[in-house]
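Values in this text are rule-based calculations from the coordinates and carry no lab data. None of these values were measured; they are calculated from a predicted model. Here the Cβ is made from the backbone with ideal geometry for all residues, glycine too, and neighbour counts use every protein chain on show.
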């Protein structure tokens, strides 16, 4: 909701001068920033990737205001980044997928799609034929074929630049990395670090950490690759890295009496 308008689904809970029914559409670009204000100069609150759904509540001046269907995160995206698309049945599982003009790895590349992009496709040999071109089958898979190891997903993004608000399109932030990694394993996660602290169950103090555990710091989160190694997107290295958890704690200790604020176990 805004001061002037709200989703009609909230009519029984909040007052607004106007209500509007959500217009459902999808992202038509490889990625687009979800901004705090209707301006290209506004800070990115999050990011949407190809094929993800978006609910438009207001559409004015070339900007659509609404929320992403996967996590209900609210913001503005350019109206021309949205449209109707075929029901997606495949998702990019690699760090990035090249879209070739023909079913040939030597053909021109017409587009690059980030991890998590959703699209409709039919099999064509070793490729998937889409409306925009051909994606190699090693870079994507059926939406329903969820993975079992979110850390393995996150590790594919090691080396990708840190980008505030990013969810894989030319960069990713810490909570975006966690959200993407869990999503490909069929686990829905909210967007922000403080919200993600509700995922899973608390790990008692002194219990050994294991692969897949989420470790929270002031305004930050990462996944444990094993009992000692953290995979995280961070502004210190400006990249997704795997490094000793002890190094992260030591780096934060001068500014925080309690560098680790929570430990949560997502996987049994």
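Compute the FRET efficiency between residue 201 and residue 158 as 1/(1 + (r/R0)^6), taking r as their Cβ-Cβ distance and R0 = 30 Å, and round to the nearest 0.05. Could the numbers behind the result be given before it?
On the way: r = 27 Å, r/R0 = 0.90.
It comes to 0.65.
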Most fluctuating residue of 124, 257, 173 in a GNM of the chain with Cα springs under 10 Å: which is it?
257
Pair-distance profile P(r), taking every C-alpha pair of the stretch 180-268, with 5 angstrom steps and integer %
3, 14, 25, 29, 20, 8, 2, 0
For the stretch 6-83, take N as its residue count and report Rg(C-alpha) divided by 2.2 N^0.38 Å.
1.05
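Compute the relative contact order of the chain as a whole-number percentage, counting only Cα pairs closer than 8 Å that sit 6 or more residues apart in sequence.
13
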Go ahead and run the numbers for FRET between residue 40 and residue 13, Cβ-Cβ distance against an R0 of 35 Å, rounding to 0.05.
0.60
With a point put 7 Å past each Cα toward its Cβ, work out how far residue 104 is from residue 246 in nm, to one decimal.
5.5
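Could you list 28, 224, 115 so that the one with the fewest beta carbons within 10 Å of its beta carbon is first and the one with the most is last? Don't skip to the end; give the middle numbers.
Values: 28 15, 224 22, 115 28.
Exposure proxy ranking, most exposed first: 28, 224, 115.
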Compute the FRET efficiency between residue 137 and residue 72 as 1/(1 + (r/R0)^6), taking r as their Cβ-Cβ distance and R0 = 41 Å, and round to the nearest 0.05.
0.80
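By its C-alpha gyration tensor, with a ≥ b ≥ c as the square roots of the eigenvalues, how is the stretch 117-268 shaped: rounded for a/c under 1.5, else prolate for a/b larger than b/c, else oblate? Could you put the intermediate results ahead of the total?
Working: a/c = 2.43, a/b = 1.88, b/c = 1.29.
Because a/c hits 1.5 or more and a/b exceeds b/c, the stretch 117-268 counts as prolate.
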Extension length gain for residue 80 and residue 228 (0.36 nm per residue less Cα distance), in nm, is 48.7 nm
For the chain, what is the mean residue ellipticity at 222 nm derived from helices alone (per DSSP H run of n ≥ 4: -39500 (n - 2.57); sum divided by total residues; nearest 500 deg cm²/dmol)?
-2500 deg cm²/dmol
Need the C-alpha centroid separation for the stretch 100-146 versus the stretch 162-184, integer Å.
21
